[in-house]
Each structure stands twice: as C-alpha cells, then as structure tokens.
Amino acid sequence: MSRSTSSDRPSRRVWLKGAAAGLVPLSLGGVLALPPVRGALARALDGGPALSALNLSGPWLNGPPLDAGGLDGRVVVVCFWTYSCINSLRVLPYLRAWQQRYGARGLTVIGVHTPEFAFETELPNIRQALKDLDVTFPVVVDSGRRIWRAFDNNAWPAFYVIGADGRLRGHVDGEGRYDQIERLIQKLLSQGPSPGAPEALSEVVGVGPQAAPDFRDLESGETYVGYAQAADFVYPGGLRRDVEQRYHPPRDLPLNRWSLSGDWQAGEEFATSAAPAAAVAHRFHARDLHMVLAPAMASRPVRIQVRLDGQAPGQDHGWDVGADGMGLVDRPRMYQLVRQARSVADRTFELQALDPGLRAYVFTFG
C-alpha cells in the first residue's frame, strides 16, 4: 500500500470528535441539503446516488458485489472500518445486530474496509479477520481509498445512512450515537413498503475487545511506534530510523510516555525486535491497553510476556494473554493485553518479546 503523508493521514482518535458532533441529519431534499463537509461526495458523483461510489473499489467479500441498482429500495448503512483498529472493532456488535434485526425489513449493512497499515491490504489477512471477528455482512475492500475519498471520509469508524431512494440521510464519525443511528434506520424503514420496524432499540453487548470502552477513566491516547507518527518516546536523541539500535529504558517513565529496551529497528510503520528479551513499555491511565502487533515472518510466531508495574497482570490480563502475562503473536492484528478489573489507576505496562521478530505498530486504549 502506498502510505499517506502525515498531513493527510486519517486518525483513529475520532471518538473525541464523534462524541461531540453526533448525527448530521440530511433533509429529504437530497444533494442540495448536504453539509459542506460532504460536498466532495456530491461533486464526485455529479449529484447521483451516494451508493454509486461502491463501484470504485473491490473485491467484495461475504457475497457478490453490491451497487446502487441492486440496492434500490433498500435502506443502507455504510461503515468505514479497518480490522486492526479498536474503535472499528467496538462498532461490530451494533452492525451485526442491525443487520440481523432489520435485514428482512429492508436494511443492508455494508462494511468498507479501508486499511491503515500495509498488512491490512492483503486479502488473506482480511478474510481471516472477517472469520475471527464474526463479520458476515458484505464487505468491500477499499485498499486504494477510492471509496474513502469519494465519501470525503476522515475517520475509522464512520457511518453513512442512506435512504431507500439512494440519498445520504445521516452521518456519524467515531464511536457512539448508536441510538440516533438506529432511530434514523427505523424512521427510513417505516417510510417503505416493508413491515414497520420495532420501536425499541437493540440491546447490544460486546464481548472481549468488542466490549464498550470506559471513556470516564480514559486519560491515555493512541500512541504510534513507527517513526512516521511516533510521539512521546523517551530516549536521548529519539528513535534511530531504519537501523538496529540497542535502547536502554529510562529510570522513570512519565505518564503517557513510552520507551524501548534491548535491540530494535524502527521503521516507518513499526519497530521490530532484533533479539530475544527486547521490550516496549508505556505508562498509561485507561481500563484497556491494546497493541497492533505482528510476527516479522508469518511462519515464526513470537512469544510475548506482559507485566504491569513489574508483575504478572493477574486479574488485569487482557483477552490475548493469560493471568501470567504469556501470549503468542501469530498473525498481524490488534491484541488486547490489559483489561483492568480493579479501579483504573496509572500503571506501567511492559511487553517483552521472548523471540526476535516482533513488529509493534501502535498502542490504543479504551
């Protein structure tokens, strides 16, 4: 995948904006009612149906290609997502619930998989992720970001609600506002010939990494490890680019700062451990800590060990490690490494790669 520059690279941290922005309702007047931020979509499609943009990319997974003609008369929710993004994973229970509940009444849910990292462009990885994440609704692969640009999109996740007439009716960036999205779905379905939608909202409960976040105690933000977007790294001189370097951990790690120890090579997207016992640490304040990780070679999984404040995590272990902190990185994806069962406090996280060849991309929290 050709990488975006830092100036046009989209950010996952849109839940901050999404929580404030909410749903943008669009009048039944069609394109003329679009807010300014949606202007690019109107221009790209020359005033035609928003669903015409789905023809711009492919292939399609979980079913045949869908287009404006095939979706005529149906209400559609288009969701931009990518499989290693924690914000994207936490919306999947809602998309599944809406498809199951309203599919027979005229709703189609479509996922537009637009990757951030190079490994998310590879079809075998995407197919495996759909299986692992129980994603059964149609997904169009948008590795070239053609659909993304046509919608003038700038967030993972982002929802676009399209009426039975093919016109855009509502938009949400980031997590949250699910009740408003579902109410709009119900309203649009009630205007069609199919049986009326139920008035009650869906009861949605996510499991593991797909569980709802704890924003009340979230004081740490997304932190990239690759030098293209790395920030808050603690080491004299910073990261050495594209060369192997032995790093030494600081005596004290301030809150929301991170460090490396042992032998690492920092690349644009990720840093790779070059010897056993290399470690990465982060001082954070959040219920959950995740990392996007991968083995440098698919045939060589990497054993990892997680510590919190120098000890095994015990009851605070995440979905992908045990109480002893042991886990295995066997494919490129997001790994949940900490879920605090006790009151959230400042904690020092350390991940040690017991084998060489661990790629570390980004920390995310929730």
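The values are calculated or read from the model by the stated rules, or taken from the named source; none is laboratory data. Quick caveat, the model's predicted, so the values are computed rather than measured. No Cβ is skipped: glycine too gets one built from the backbone with ideal geometry, and neighbour counts run over all protein chains shown. Heads up: the accessible areas ignore ligands, DNA and RNA and are worked out on the full protein's heavy atoms, side chains in. Shrake-Rupley method; radii C 1.70, N 1.55, O 1.52, S 1.80 Å.
Karplus-derived 3J(HN,Hα) values for the stretch 238-245, using 6.51 cos²θ - 1.76 cosθ + 1.60 with θ = phi - 60°, are x, 6, 8, 7, 6, 9, 6, 9 Hz; glycine and proline are entered as x.
For Trp60, what charge total do you get from the other residues with a beta carbon under 11 Å from its beta carbon, if Lys and Arg give +1 and Asp and Glu give -1? Result for the neighbourhood of Trp60: -2. Hydrodynamic estimate: the Kirkwood radius of the stretch 298-366 over Cα pairs, inserted into Stokes-Einstein at 25 °C and 0.890 mPa s, corresponds to D of 197 µm²/s.
For the stretch 74-125, what class follows from the C-alpha gyration tensor (a ≥ b ≥ c being the square roots of its eigenvalues): rounded when a/c is under 1.5, otherwise prolate if a/b is larger than b/c, else oblate? Cα axes put the stretch 74-125 in the prolate bin. Of His317, His171, the residue with the largest accessible area leads and the full order is His317, His171 (1.4 Å probe). Distance between the pseudo-spin-label points of Asp179 and Val243 (7 Å out from Cα toward the beta carbon): 5.7 nm.
Taken about its Cα centre, the stretch 132-237 carries a charge dipole of roughly 620 debye when the Cβ of each Lys and Arg holds +1 and the Cβ of each Asp and Glu holds -1. Measuring nothing but protein heavy atoms, the accessible surface of the stretch 70-162 at 1.4 Å probe radius is 44 percent carbon and sulfur.
Scalar couplings 3J(HN,Hα) for the stretch 200-207, obtained by applying the Karplus form with A = 6.51, B = -1.76, C = 1.60 to θ = phi - 60°, are 5, 7, 5, 8, 10, 10, x, 10 Hz; x denotes Gly and Pro.
Ligands, DNA and RNA are left out, and with a 1.4 angstrom probe the accessible area of the stretch 235-282 is 51 Å² per residue. Counting charges near Arg246 (Lys, Arg +1; Asp, Glu -1) among other residues having Cβ under 12 Å from its Cβ returns a value of -1.
Counted residue by residue at 0.36 nm each, then reduced by the alpha carbon distance between them, the extension gain from Asp330 to Ala345 reaches 2.4 nm. Sorting the segments 74-81, 225-232 by their residues' average number of neighbouring beta-carbon atoms within 10 angstrom, most packed first, yields 74-81, 225-232. Solvent-accessible area of Glu268, all protein chains in place: 80 Å² (probe radius 1.4 Å, heavy atoms, ligands and nucleic acids excluded).
In this label model, Gln229 and Lys131 are separated by 2.8 nm, measuring between points 7 Å along each Cα→Cβ vector. For the stretch 288-366, with all protein chains in place and a probe radius of 1.4 Å, 47% of the accessible heavy-atom surface sits on carbon or sulfur.
For the stretch 223-295, the dipole from Cβ point charges (+1 on Lys and Arg, -1 on Asp and Glu) about the Cα centre works out to 260 debye, to the nearest 20. Protein-only accessible surface at a 1.4 angstrom probe places the residues Ser143, Ser190, Ser84 in the order Ser190, Ser143, Ser84, largest first.
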